[in-house]
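Encoded as structure tokens, the structure appears first; notes follow it.
The values are calculated or read from the model by the stated rules, or taken from the named source; none is laboratory data. Because the structure is predicted, anything quoted here is derived from the model rather than measured. Ideal geometry is used to build each Cβ from the backbone, glycine not excepted, and the neighbour counts take in all protein chains shown.
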Amino acid sequence: MTSSTVQPGESTETAASKRVPSGTETPGPIAASIVCDSTGRKSTRLRIRSASDELAAWSSQVLAWFVRSSQDEEPTSCRPQEADLVDELTRAATFASVGMSMVHSGSPSFAGAGFSERVTWVASRCHGIDNGRRRSDRNHEFASFKARLFSMLLDEPVEDCVAHPAEQLLSQAMGMNRSGAQDWLSRLLVETYASRPSLAASILRCVGRLDFGEVGGWGLHVADDALHHSVAEVREAAVRALEAWGDAQGVRILRQHQEKERWLRAYIQQVIVDLSSPAR
Amino acid sequence: MNMLARKISRAKWERKPHLAPNEIGADAITACLRTSGDALSWWRCADEEEDVARVALAVALPVDKDKQKLETIDVALVPAVELESIGLSLRDSEGNTLVNDVRARHVDVVYFDVDRLAAVARMLAPRIRSGTQVFTFTSARVKRLFREAIGDNRVDPSALSDKILAKLDIEASH
């Protein structure tokens, strides 16, 4: 048997078809291994190694496939379930440091009975609640979050070096459901980029003040996107975020960016120097 | 020290796609020139980066620990006489700052009305846009300035939040 690793972007089905050496875990956020029980029956074990930045994306990929393969439903009708499954897995991986183990019987195919049972169990919890009402509740929560955030940002401009009340709102939302909050913020940025760029910049300023552990790869992606905005204020907010997070990938993003405004170009150059300096 | 310095958000002052090149976005006033009692807070300084850095330090962190954020700061300058020439008055007063040796440099500029506020915006905008009398201190520089000021006993570290102290690699003393 040869070792295999589930790679980002690779379908779980493809990954599942690869052979995994017995007793050896594959590297990466999702560890796969073949285990034998006392009767000699083999099964594939998947384990989320840690609550890394990529966790949400990985969980989403894996679980979306689980739902589609174990439930005879159209993908669109599975969306609320997928979200709950991601939440479930994220919570488990976050609060149990060893992560969450899922075992299924049979050959190294992810469509085994164990997985289906697990998925069905979680999905049944979702089915217990009227999906329409759930969607409505989520829409209401999003609308309430948006109204509060906008009100805070419009009432009081984000001032350099001074904490803003909206940061607490963002932190709370992240704490309750990180991937959900990131999704909301992405939506709000898309909504405001064209029509209200100053407001988008304010949102970005608050996002940039969150710890890098809270925003991770999503934050870098958001900042990278914002660097391509036509309004300098939005681009500056992105630079400030990358500066605050101080991540090496952020430096690479800044190095690749072609800035047309002289003052902002000078700022970016200094940030690159600062972040590349060993004595920060 | 014939200049007056004030913290600004530089991006608010730059040209906007929806405005003519010489026009100034209103956000520049609402974000950077928010008066209180028809007065604005400024700091006396010389037109030299080293001296502006002292003022930057004074305005870099609020006194309220819960509100302190260590980040990049932009400071713009105007000559004091230009403010006086449009009918504004300068009143020296003790500044509300963590930096002991610049407290006495604080000035309340008083008697603002809408026209004078717009006039000050028109004084600042060309200076900021040309980059002639505006200084940017990145968060790394601000950190260095704070470390130096704490080393020189110009800033009491107990006045800084634990988060800021951690960023400065200084242990909290409690």
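Which of the following residues is within 11 Å of the chain's Cα centre (by Cα), outside any strand (DSSP E or B), within 14 Å of another protein chain (Cβ to nearest Cβ) and buried (at least 18 other Cβ atoms within 10 Å of the Cβ): B:76, B:58? Spell out how you get there, then give the answer.
On the way: B:76 fails: outside any strand (DSSP E or B).
It is B:58.
Across the range A:152-175, what is the total count of residues that are exposed (fewer than 12 other Cβ atoms within 10 Å of the Cβ) and more than 20 Å from residue B:11 (Cα to Cα)? Outline the logic, then answer.
Residues of the range A:152-175 exposed (fewer than 12 other Cβ atoms within 10 Å of the Cβ): A:155, A:172, A:175.
Of the ones still in play, those that are also more than 20 Å from residue B:11 (Cα to Cα) are A:172, A:175.
Matching residues across the range A:152-175 total 2.
Applying the selection to the range A:242-265, what residues are at the interface with chain B (Cβ under 10 Å from one of its Cβ atoms), farther than 20 Å from residue B:169 by Cα and surrounded by 13 or more Cβ atoms within 10 Å (Cβ to Cβ)? If you could, list the steps in order and put the result at the bottom.
Of all residues in the range A:242-265, those at the interface with chain B (Cβ under 10 Å from one of its Cβ atoms) come to A:243-244, A:246, A:261-264.
Within this subset, residues satisfying the condition of being farther than 20 Å from residue B:169 by Cα are A:261-264.
Hits for the range A:242-265 are A:261, A:263, A:264.
For residue B:12, which of the numbered conditions (1) at the interface with another protein chain (Cβ under 8 Å from one of its Cβ atoms); (2) under 22 Å from residue B:105 (Cβ atoms); (3) surrounded by 21 or more Cβ atoms within 10 Å (Cβ to Cβ) fails to hold?
For residue B:12, the failing item is (2).
Out of everything in the range A:191-212 that is more than 14 Å from chain B (Cβ to nearest Cβ) and within 20 Å of the chain's Cα centre (by Cα), what residue ends up being nearest to residue A:155 (Cα to Cα)? Outline the logic, then answer.
Initially, the range A:191-212 is screened for residues more than 14 Å from chain B (Cβ to nearest Cβ), giving A:191-192, A:203.
When the remaining residues are screened for being within 20 Å of the chain's Cα centre (by Cα), the result is A:191, A:203.
Values: A:191: 19, A:203: 13 Å.
Top of the filtered list is A:203.
Just give me the residues in the range B:150-174 being touching a residue at least 24 places away in the same chain (Cβ under 8 Å) and under 17 Å from residue B:69 (Cβ atoms), in sequence order.
Across the range B:150-174, the qualifying residues are B:155, B:159, B:160, B:161, B:163, B:164, B:167, B:168.
Within the range A:142-169, track down each residue that is part of a helix (DSSP H, G or I) and within 14 Å of chain B (Cβ to nearest Cβ). Working first, answer last.
First, the residues of the range A:142-169 that are part of a helix (DSSP H, G or I): A:142-155, A:165-169.
Listed by number, the residues that qualify are A:153, A:154, A:155, A:165, A:166, A:167, A:168.
Condition first: more than 14 Å from chain A (Cβ to nearest Cβ), within 14 Å of the chain's Cα centre (by Cα) and in a helix (DSSP H, G or I). Now tell me which residues in the range B:27-52 satisfy that.
B:51, B:52
Tally up the residues in the range B:79-114 that are within 14 Å of another protein chain (Cβ to nearest Cβ), surrounded by 15 or more Cβ atoms within 10 Å (Cβ to Cβ) and under 13 Å from residue B:41 (Cβ atoms), please. If you could, list the steps in order and put the result at the bottom.
Going through the range B:79-114, the residues within 14 Å of another protein chain (Cβ to nearest Cβ) turn out to be B:96-99.
Now drop any that are not surrounded by 15 or more Cβ atoms within 10 Å (Cβ to Cβ), which leaves B:97-99.
Filter again for under 13 Å from residue B:41 (Cβ atoms), leaving B:97.
The qualifying residues number 1.
Could you check residue A:144 against (1) under 16 Å from residue A:226 (Cα atoms); (2) exposed (fewer than 14 other Cβ atoms within 10 Å of the Cβ); (3) not aliphatic (A, V, I, L, M) and say which number it fails?
Looking at each condition in turn, residue A:144 falls short on (1).
Take the residues in the range B:126-148 that are more than 9 Å from chain A (Cβ to nearest Cβ) and touching a helix residue (DSSP H, G or I) at 6+ places or on another chain (Cβ under 6 Å); name whichever of them is farthest from residue B:48 (Cα to Cα). Walk me through how you get there before you give the answer.
Within the range B:126-148, the subset more than 9 Å from chain A (Cβ to nearest Cβ) is B:126-127, B:130, B:132-133, B:135, B:137, B:144-148.
Remaining after also requiring touching a helix residue (DSSP H, G or I) at 6+ places or on another chain (Cβ under 6 Å): B:133, B:135, B:137, B:145.
On the way: B:133: 9, B:135: 10, B:137: 13, B:145: 16 Å.
Going through the qualifying residues, I end up with B:145.
Inspect all residues belonging to the range B:23-33 and state whether any of them is free of Cβ contacts under 8 Å to residues at least 40 places away in the same chain and in contact with a Pro (Cβ under 6 Å, 6 or more places away or on another chain).
yes
Restricting the search to the range A:192-211, which residues are basic (Lys, Arg) and part of a helix (DSSP H, G or I)? It would help to see each step written out before you state the result.
If we filter the range A:192-211 for residues that are basic (Lys, Arg), which is where we start, we get A:196, A:205, A:209.
Of everything in the range A:192-211, just one residue is basic (Lys, Arg) and part of a helix (DSSP H, G or I), namely A:205.
Is it the case that residue B:167 is surrounded by 15 or more Cβ atoms within 10 Å (Cβ to Cβ), charged (D, E, K, R), modelled with pLDDT of 95 or more and under 21 Å from residue B:63 (Cβ atoms)? Outline the logic, then answer.
Working: surrounded by 15 or more Cβ atoms within 10 Å (Cβ to Cβ): yes; charged (D, E, K, R): yes; modelled with pLDDT of 95 or more: no; under 21 Å from residue B:63 (Cβ atoms): yes.
Considered against the rule, which asks whether it is surrounded by 15 or more Cβ atoms within 10 Å (Cβ to Cβ), charged (D, E, K, R), modelled with pLDDT of 95 or more and under 21 Å from residue B:63 (Cβ atoms), residue B:167 comes out as no.
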